[in-house]
Amino acid sequence: MNESDVLALTYYHTCTVKRPDLIKTDGFDEYGEVEVYTNIPCAISYSGGSTEGESDTVQRINYTNVLFARPEIRIKPGDKVIADIFGDVFEYFAGEGMVYQSHIEIPLIRSDVA
């Protein structure tokens, strides 16, 4: 086993990655989302959130997480990441990450209103 195999043993979450791409439909070109990866093992780590702008009428959801996965997975900035974290599904947008020999680390941005 190499380092990436050992780290992969700690990936208890899964995610699907979608990317905007050109799709040909009935002879017409249009942009849509294409699934790049489906149900890949990963780990999502909570890194911090913000309570700025919260009031009694608006509860903003705005925080970043970090996605860890095998180094051969290529996630681009702007990709949509739909993560299944023990049965709870969250939608993120990927930031620019780092590729290491043993894993990748991708910042994930979640922004919504509760």
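A short reminder: the numbers here are calculations on the coordinates, not readings from a lab. Not measured: the values here are computed from a predicted model. All Cβ positions, even for glycine, are placed from backbone atoms using ideal geometry, and neighbour counts span all protein chains on display.
Results, tabulated for the structure shown:
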item: Search result, residues across segment 88-106 that are within 17 Å of Pro41 (Cβ to Cβ) and out of contact with any Pro (no Cβ under 8 Å at 6 or more places or on another chain); result: Asp88, Val89, Phe90, Tyr92, Glu105, Ile106
item: Residue list for segment 1-11, restricted to those being more than 20 Å from Gly87 (Cβ to Cβ) and surrounded by 15 or more Cβ atoms within 10 Å (Cβ to Cβ); result: Ser4, Leu7, Ala8
item: Residues of segment 78-87 that turn out to be touching a residue at least 24 places away in the same chain (Cβ under 8 Å), among the small types (Gly, Ala, Ser) and more than 13 Å from Ile40 (Cβ to Cβ), as a count; result: 1
item: Residues within segment 1-23 that are charged (D, E, K, R), without any contact (Cβ under 8 Å) to a residue 24 or more places away in the chain and more than 20 Å from Asp79 (Cα to Cα), tallied; result: 1
